Amino acid sequence: MIRSELLRELAPVIADHLVVCNIGLPSQEMHMIDDRETNFYMLGTMGLASSIGLGLALAQDKKVVVIDGDGSVLTNLGTLPTIANNVADNYVLLIVDNGSYGSTGDQPTYAGMKTSLTEVARACGCENVVECSGADTSAAVKSALAGDKMTIIVSKVESGNVKVPVITRDPVSIRDRFMDAVKA
Amino acid sequence: MDVSEKIVSDFVANDVSFITTVPCKQLGGVIEAVEAHPAIYHIPANKEDEGMGLCAGAFMGGKRPAIIMQNTAIGVTINTLVTLTQFYRMPLPMLISYRGELGEPVACQVEMAVHTKALLAQLNIPTYHFHQEEDVEEFDKILKYTFMCNKPVAILTDASFWKGY
């Protein structure tokens, strides 16, 4: 299973929640599969999806799902101790771990080599860390959303991309529409 | 009221309730006051760009954020300031210790100090420089200005303002 197949399965599970989509293909794929006002699309700033999602979860009560990637978490590895030490039980961080930098041409990441982000997250103090296959991910996210416990899910999938258009919606419009959905 | 208490009381009066910090010796007092205030959620960040991501999320969640950091962080955060804070038009007061100014004991700090204002000017970031203690009287207005215009705004605070190290 590759990320776009995983996101197609996941879309109905997260449709009623706030979703922060990582830069590049995760945002573009979610935008193509199920564009919703409850989706925040990152158009730049690699690495900060998990941080934006945590700030959002700490600031209000609605559940927040972050669709992140192994490459982006490696870029901002300091995020995991911050997450562990600022528990927000309305926060689910899904790390789609395909062992590659998908948006830049599938160059390998260290998460696809010796480094286990699951173990890193646990060592940082994150209490509910689940590693699963792509096929089991939708169920894992569903269960995390039902559980009311901050959860990190590391979903092991294969590397690979589908052709998808870039997002042309203006960033202020993305942000404004999202903030209206947060308040609704 | 000392300077740190005045700064924190202005934050609270302007409904700033989510503050991320990366420490600096000069900012120790104000960070302690932030941590101690019950109306503020204080979330230390490991790096300033991470902190700006937290602030962006908190803003979209309905809270007014701020970041407290050292001027060396300008070098770390240019991409985040441009592609997140400015691109999505988000307000962000940045209380910055202006290391490398008069009274600085560490030569390396001067290397970033000489670029600080030029970089902020290049980024079109409104910039205020607190040098005398009474300059803090403008802080309340600077916060109102920041949340009026939805921009990152820099407040540089040097060693003379903090009365040395």
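The values are calculated or read from the model by the stated rules, or taken from the named source; none is laboratory data. Note that the coordinates shown come from a computational prediction; the quantities given were computed from them, not determined experimentally. Heads up, the Cβs are rebuilt from the backbone with ideal geometry, glycines too, and the neighbour counts pull from every protein chain shown.
Listed values, structure above:
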quantity: Of all residues making up segment B:114-165, the number that are surrounded by 14 or more Cβ atoms within 10 Å (Cβ to Cβ), of a type in the set (Val, Ile, Thr) and farther than 15 Å from B:Ser4 by Cα; calculated: 6
quantity: Segment B:65-78: number of residues that are surrounded by fewer than 24 Cβ atoms within 10 Å (Cβ to Cβ) and either part of a loop (DSSP other than H, G, I, E, B) or at the interface with another protein chain (Cβ under 7 Å from one of its Cβ atoms) (or both); calculated: 1
quantity: Filter result (in contact with a helix residue (DSSP H, G or I) (Cβ under 7 Å, 6 or more places away or on another chain) and more than 10 Å from every other protein chain (Cβ to nearest Cβ)) within segment B:79-94; calculated: B:Pro91, B:Leu92, B:Pro93
quantity: Selection within segment B:35-64 - facing chain A (nearest Cβ under 7 Å) and part of a strand (DSSP E or B); calculated: B:Tyr41, B:Ile43
quantity: Residue in segment A:92-100 that is buried (at least 24 other Cβ atoms within 10 Å of the Cβ), in contact with a Leu (Cβ under 9 Å, 6 or more places away or on another chain) and farther than 19 Å from A:Asn161 by Cα present; calculated: yes
quantity: Of all residues making up segment B:146-157, the number that are free of Cβ contacts under 8 Å to residues at least 60 places away in the same chain and either part of a strand (DSSP E or B) or within 14 Å of the chain's Cα centre (by Cα) (or both); calculated: 1
quantity: Verdict on A:Ser133 being among the polar types (S, T, N, Q) and either within 14 Å of another protein chain (Cβ to nearest Cβ) or surrounded by 13 or more Cβ atoms within 10 Å (Cβ to Cβ) (or both); calculated: no
quantity: Residues that are farther than 18 Å from A:Gly44 by Cα, under 18 Å from the mean Cα position of the chain (by Cα) and assigned to a helix (DSSP H, G or I), drawn from segment A:160-184; calculated: A:Val182
quantity: Matching residues, segment A:12-40, being part of a loop (DSSP other than H, G, I, E, B) and either of a type in the set (Val, Ile, Thr) or farther than 13 Å from B:Met60 by Cβ (or both); calculated: A:Ala15, A:Asp16, A:His17, A:Asn22, A:Ile23, A:Gly24, A:Asp35, A:Arg36, A:Thr38
quantity: Enumeration of residues in segment A:23-56 that are hydrophobic (A, V, I, L, M, F, W, C), within 13 Å of chain B (Cβ to nearest Cβ) and within 13 Å of the chain's Cα centre (by Cα); calculated: A:Ile23, A:Phe40, A:Met42, A:Met46, A:Leu48, A:Ala49, A:Ile52, A:Leu54
quantity: Members of segment B:1-58 that are touching a His at 6+ places or on another chain (Cβ under 9 Å), of a type in the set (Val, Ile, Thr) and surrounded by fewer than 22 Cβ atoms within 10 Å (Cβ to Cβ); calculated: B:Val12, B:Thr21, B:Ile31
quantity: Verdict on A:Cys126 being more than 14 Å from every other protein chain (Cβ to nearest Cβ) and either in contact with a Pro (Cβ under 9 Å, 6 or more places away or on another chain) or assigned to a loop (DSSP other than H, G, I, E, B) (or both); calculated: yes
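Let's see how each residue does on (1) assigned to a strand (DSSP E or B); (2) among the hydroxyl-bearing types (Ser, Thr, Tyr); (3) within 10 Å of chain B (Cβ to nearest Cβ):
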{"position": "A:Lys62", "(1), (2), (3)": "no, no, yes"}
{"position": "A:Val66", "(1), (2), (3)": "yes, no, yes"}
{"position": "A:Val73", "(1), (2), (3)": "no, no, no"}
{"position": "A:Leu80", "(1), (2), (3)": "no, no, yes"}
{"position": "A:Ala84", "(1), (2), (3)": "no, no, no"}
{"position": "A:Ala88", "(1), (2), (3)": "no, no, no"}
{"position": "A:Leu94", "(1), (2), (3)": "yes, no, no"}
{"position": "A:Ser103", "(1), (2), (3)": "no, yes, no"}
{"position": "A:Ala111", "(1), (2), (3)": "no, no, no"}
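Matching residues to (1) in contact with a strand residue (DSSP E or B) (Cβ under 9 Å, 6 or more places away or on another chain); (2) at pLDDT 95 or above:
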position	(1), (2)
A:Pro26	yes, no
A:Glu37	no, yes
A:Phe40	yes, yes
A:Ile52	yes, yes
A:Asp61	no, yes
A:Val65	yes, yes
